[in-house]
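The values are calculated or read from the model by the stated rules, or taken from the named source; none is laboratory data. The structure presented is a predicted model; accordingly, all values stated were derived computationally and were not measured. Reconstructed Cβ throughout: ideal geometry from the backbone, glycine too, with neighbour counts over all protein chains shown.
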Amino acid sequence: MPANRTVLVAGAQGVIGRAAASRLAAQAGTRVYGLSRRAGGDLPGVEAIPVDLLKPQDVRDKLGGIRDVTHVVFGAYIERPTAAEKSEVNLALLRNLLDVVEERAPGLRHITFYQGGKAYGADLGPFKTPAREDDPRLMPPNFYYDQEDLLCERSAGKAWSFTGLRPEAVCGFALGNPMNLTMVIAVYAAISKELGLPLRFPGTEAAYRALYQVTSAEILAEAADWAGQSEAARNEIFNITNGDYFRWQHMWPRIARAFGMETAEPVPMPLVTYMADKGPLWARMTEKYGLRPIPYEALVSWAFGDFIFNSGFDNISSTIKARRAGFQACIDTEDMFTAFFERLRRERVIPPL
């Protein structure tokens, strides 16, 4: 029986793409292709296709024969040092994919793509909160805006539509994808415990007390599934978070309990500096506890952790627009953290309790 949906998930080995591909592949009548620059893939029901989206001919060669694509979930991303370079390279990723899919797949119905807090200036400093989707844009360049404008332009008068999802600090499971807040916390906690230290918040006092939010990769995947099928999501942008807010000063002791650890007063401690020499210790822990032999540098982005733990201002967004449009999923963030740490233990990524 032919699939009702054929979905290309770009960036399928990342935190966002992996969760989206897994959820979609589990839905009846859905066929999923997982696109990634890296070869391989271990997602049940997902057909992995190694492809370099920066190379138009490679995209055409690998994807030009897939003519039944109905949906695209675009989670591909390449980091660059400047905003202008980010815009150039990430716009090219989307354009190259779109050029082939529009030409070869006449049944295309929907494209989901991702933005984030940078759309509101969360990376620049304090911003208006709660952030809303109709807040004015910031000074360009910003690749979120560029990708959105490209989709607006290309979808005009066409049968297909798009939806942009704006999460914050996506938390999920993806090995070899270090830009993941829960991995930062888990590895930092495991190393602290191995050294006999309490779990000390490594950021500023202001960040410790500010309001914050995160987005479970599973909630975000559910939103992508919904967006691709909902008339109310056509050509719209939605903030997607867990649905609650928290302060690290209250969440941190709960995280410590999940590791069987005590806490101590926060001390601003650059993780990039103080975790740089812990590779040999992690190698010994890997052998001692029988963990997966994942290279230390592939586990965690300490710079990402430093950024989050030194953001000393409220970072919250409104999800009312999504709820009014019909997306109601939510999760308690403490439950999310606890479940994620338990999964990392089952997967032998961090030591057992």
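Here are the numbers:
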read-out: Every residue from the range 144-196 that is assigned to a loop (DSSP other than H, G, I, E, B), over 26 Å from Ser311 (Cα atoms) and in contact with a helix residue (DSSP H, G or I) (Cβ under 9 Å, 6 or more places away or on another chain); value: Lys158, Trp160, Leu195
read-out: Flag if Phe327 is part of a helix (DSSP H, G or I), within 30 Å of Phe238 (Cα to Cα) and not charged (D, E, K, R); value: no
read-out: Any pair with Cβ under 6 angstrom, 6 or more apart, that starts in the range 316-344 at a residue that is within 13 Å of Cys171 (Cβ to Cβ) and ends at one that is at pLDDT below 95 and assigned to a helix (DSSP H, G or I); value: Phe340/Thr182
read-out: Condition met for Glu297 (in a helix (DSSP H, G or I), surrounded by fewer than 18 Cβ atoms within 10 Å (Cβ to Cβ), among the charged types (D, E, K, R) and modelled with pLDDT of 95 or more); value: no
read-out: Residue among Pro202, Pro280 that alone is surrounded by fewer than 22 Cβ atoms within 10 Å (Cβ to Cβ), over 30 Å from Phe162 (Cα atoms) and out of contact with any Ser or Thr (no Cβ under 7 Å at 6 or more places or on another chain); value: Pro280
read-out: Candidate set from the range 128-154 (those that are touching a residue at least 40 places away in the same chain (Cβ under 8 Å) and of a type in the set (A, V, I, L, M, F, W, C)); member that is farthest from Glu85 (Cα to Cα); value: Ala131
read-out: Selection count where residues are outside any loop (DSSP other than H, G, I, E, B) and of a type in the set (Gly, Ala, Ser), scope the range 259-277; value: 1
read-out: Any hit, the range 248-256, residues being in contact with a Leu (Cβ under 6 Å, 6 or more places away or on another chain), within 30 Å of Gly125 (Cα to Cα) and crowded, with 19+ Cβ neighbours inside 10 Å; value: yes
read-out: Qualifying residue in the range 282-291 (condition: among the aromatic types (Phe, Trp, Tyr), over 25 Å from Thr129 (Cα atoms) and within 22 Å of the chain's Cα centre (by Cα)); value: no
read-out: Asn90 polar (S, T, N, Q), under 21 Å from the mean Cα position of the chain (by Cα), over 20 Å from Asp225 (Cα atoms) and buried (at least 19 other Cβ atoms within 10 Å of the Cβ); value: yes
read-out: Filter result (within 13 Å of Leu97 (Cα to Cα) and not in a loop (DSSP other than H, G, I, E, B)) within the range 62-86; value: Lys62, Leu63, His71, Val72, Val73, Phe74
read-out: Residue in the range 232-241 that is touching a strand residue (DSSP E or B) at 6+ places or on another chain (Cβ under 9 Å) and in a helix (DSSP H, G or I) present; value: yes
read-out: Every pair of residues 6+ apart whose Cβ atoms lie under 8 Å, when the first sits in the range 89-118 and is under 18 Å from Ala217 (Cα atoms) while the second is surrounded by fewer than 17 Cβ atoms within 10 Å (Cβ to Cβ); value: Gly117/Asp123
